[in-house]
Amino acid sequence: MRWWPVAARHARSRTIAWSVAAAILVVAAGCARSQSQSGTSSDAAARSVPEPNGGEQPAEDVIGNPIGSHAIEVTSLDEVQLPFQPIAPAGLGTPVKILVSPVDRDAEPKIAWIFDDPTFGTFHVSERITSLTDELLAGQAGMKSGCTTQSLDPGAYGEGAYSTGCVMAGMQMLALGDGRSALVMPGDDVTTVMWLAKPTILDASAFPGVKAPMLTFELVGATAAMDPQQAAALAARV
């Protein structure tokens, strides 16, 4: 299930959950669609994914910059200040860039490695802390596809705020090896693989309300460049 909450978009991008199942905090990836942009032909239409309240985010940005315009580029983990210990995806080779959320603003602590592969094109692996469980991930695979919209508290998120959750067709759990499994979510433009590991928390105060934190990995790439099995095989190398 993928959630796009409507909050103060210019303040920060964050996800929220209506329920336990909605705690899947996925990059807005799978409900991608092609649309014509003003002044362009349909052949040049930009691939995009929904943002809150109907905005559009190009799929290239979802893959190439999952943290957003406030991302900081670093060259090594020695430069990273995060409230959890990230795990470098060394099995995927050398990334073309490493992006991290800033520490001086109200942003979700997150790190992402961007890769450029001759076979699979550009894809990223990101890490953050969530309250997800393997059971919650597995539960998404059996849900009926479709989208639901719910209004949000106007006092907390502004007048007219809402969030939309979409369960994508084709979601499945695939084995990564070493006892690990991942939820694979193929979309029209973007495929996401999500899996969990026990984290090393360096500053628990950064995650208020998260009683059982889990290090949450997401591998996101272009659906045209990788099928679900290939995406899971890449994730298994992390």
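Descriptive notes on the structure:
- Region 132-148, subset out of contact with any Leu (no Cβ under 7 Å at 6 or more places or on another chain) and either assigned to a loop (DSSP other than H, G, I, E, B) or among the basic types (Lys, Arg) (or both), residue farthest from Gly165 (Cα to Cα): Thr133
- Members of region 110-149 that are farther than 27 Å from Pro95 by Cβ, small (Gly, Ala, Ser) and touching a residue at least 60 places away in the same chain (Cβ under 8 Å): Ser131, Gly139
- Residue, surrounded by the fewest Cβ atoms within 10 Å (Cβ to Cβ), within region 153-183, restricted to residues that are closer than 19 Å to Ala225 by Cβ and of a type outside the set (A, V, I, L, M, F, W, C): Gly170
- Residue tally, condition of a type in the set (Gly, Ala, Ser) and closer than 18 Å to Leu183 by Cβ, over region 193-211: 1
- Residue in region 198-219 that is under 22 Å from Ala112 (Cβ atoms), hydroxyl-bearing (Ser, Thr, Tyr) and in contact with a Pro (Cβ under 7 Å, 6 or more places away or on another chain) present: no
- Output for region 93-109, where each listed residue is assigned to a loop (DSSP other than H, G, I, E, B), of a type outside the set (Gly, Ala, Ser) and either under 12 Å from Glu127 (Cβ atoms) or in contact (Cβ under 8 Å) with a residue 40 or more places away in the chain (or both): Arg105, Asp106, Glu108, Pro109
- The set of residues from region 55-92 being part of a loop (DSSP other than H, G, I, E, B), free of Cβ contacts under 8 Å to residues at least 24 places away in the same chain and over 17 Å from the mean Cα position of the chain (by Cα) comprises Thr75, Ser76, Gln81.
- Checked against the criterion of being surrounded by 13 or more Cβ atoms within 10 Å (Cβ to Cβ) and either modelled with pLDDT of 95 or more or on the phi > 0 side of the Ramachandran plot (or both), region 142-152 contains not a single residue that satisfies it.
- When region 184-203 is limited to residues that are without any contact (Cβ under 8 Å) to a residue 60 or more places away in the chain and surrounded by 12 or more Cβ atoms within 10 Å (Cβ to Cβ), the one that is nearest to the chain's Cα centre (by Cα) turns out to be Val193.
- Any hit, region 119-127, residues being modelled with pLDDT of 95 or more, buried (at least 19 other Cβ atoms within 10 Å of the Cβ), within 23 Å of Lys211 (Cβ to Cβ) and among the aliphatic types (A, V, I, L, M): no
- Restricting region 165-216 to residues that are β-branched (Val, Ile, Thr) and in a loop (DSSP other than H, G, I, E, B) leaves a set whose member that is farthest from Pro89 (Cα to Cα) is Val210.
The values are calculated or read from the model by the stated rules, or taken from the named source; none is laboratory data. Predicted model only: the values in this text are computed from it and were never measured. Cβ atoms come from the backbone with ideal geometry, glycine included; neighbour counts cover every protein chain shown.
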